[in-house]
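Take a look at the structure below.
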Amino acid sequence: MPASGPPIGILAELTHRCPLQCPYCSNPADLLKSSSELNSKEWLNVFEQAADLGILQAHLSGGEPTVRRDLEQFIEYLDSRGIYTNLITAGVNLSEKRLNVLANCGLDHVQVSFQGARPETTELIGAYKNGHQKKLATAMSVRSAGLPLTINAPIHRHNIDEVPEFIDLAVELGAERLEIANVQYYGWAYLNRAALMPDIEAVHRQVDIVESAQASLKGILNIDFVVPDYYADYPKPCMGGWANDVLIVAPDGTVLPCHAAQTIDALDFDSVRKQSLQQIWQHSAALNKYRGFDWMEEPCRSCPRKELDFGGCRCQAYAITGRAEATDPACMISPDHKGLEQLATEFAHNPNFEFNYRRIKTRG
């Protein structure tokens, strides 16, 4: 079915280049090199089309978006069109001087990721020396510039016991928002499931800690909590539904409904280098494939939760069952749910945690 309305937001993955090598990264394992990226003129054209479509928010991500020297141009243009801009950064190569320039260009918000609440954890996961100190400095510069700050804490086996410290860190830095986001197993994270999966007891402890903090810090810190799919009872409303209100533009201009959509081999996604953003949003066969509810099989089709979770994640269904139309295995009524729980248990008790670190290979 075609889109019922315009998208609300765009996630612009400006590049796959990044100084960090996080093994939980949601970028595809087949990373794009800089030679494949949209140039400045092409990205500005994308943002012009997005504004004309009625998009209200632009999330500037990667990889690491600050490696783009034209980032200032993008923010300045988006601001001129009245679009709210959110910079999603690792925070290790963003100087205070440049941050102030970005703020003067109209940047509205900054999200800084922390691989650990402790320096040694940050360095273990990101494979970047002194990264923790640089992230702290960036976060403090964000607040000094008068910009709202979100701390993103991707949670996995190696930092799940640091959740109380993440909460304290967010409060100390004056963040408005903290994302306790359990790693979702797509892209590089999928390759590293056996090294990243926490055990169920640690997840239960985490839930208690987060719920207590949400109550005690109400009005001080907004804590968003994303539970791990492999231990869930019901699927999350992935991206608010397949191509429902958000679109993603990959570094090479490919338009996607979510980060991991290209893992579904049967789908061919269109590019802004060949078609307009409006044409793709409304008429792309890949974006229309799982929109709405008509594509659903039972038990999803007659489930009262379908308007809450939109059937869950198509990429996860494909990864676990081999069929993108299948019920998301995170759902307790899926015939594959027990198998997902078993996988989680097996991975969580794997004593070997050698990471397959995120690195750009040869794709051009």
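General remarks:
- Lysine pair number, Cα distance threshold 29 Å (strictly under), the chain, separation 8 or more or different chains: 28
- Counting DSSP beta bridges with both ends in the chain, the antiparallel % (nearest 5): 10
- Ellipsoid semi-axes for the range 83-192, based on the Cα gyration tensor and the rule √(5λ), read 24, 15, 14 Å when sorted largest first.
- Cα-based Kirkwood hydrodynamic radius, the chain, one decimal, Å: 21.0
- Take every pair of alpha-carbon atoms less than 8 Å apart whose residues are at least six positions apart; their mean separation over the length of the range 1-115 yields a relative contact order of 29 percent.
- Where GluC sites (Glu not before Pro) in DSSP loops with at most 13 other Cβ within 10 Å are excluded, longest remaining stretch of the chain: 1-296
- Debye log10 I(q)/I(0) at q = 0.16 Å⁻¹ for the range 243-364, Cα point scatterers: -0.91
- Here the range 33-126 is described by how far its Cα atoms reach on the three principal axes: 45, 29, 24 Å, from widest to narrowest.
- Computed over the range 309-353, Cα set: Rg, Dmax in Å: 11.5, 36
Every number here is computed from the coordinates shown, using simple stated rules; none is lab data. Just so we're clear, the structure is a prediction, and the values are computed from it rather than from any experiment. Cβ: placed from backbone, ideal geometry, glycine included. Neighbour counts: every protein chain shown.
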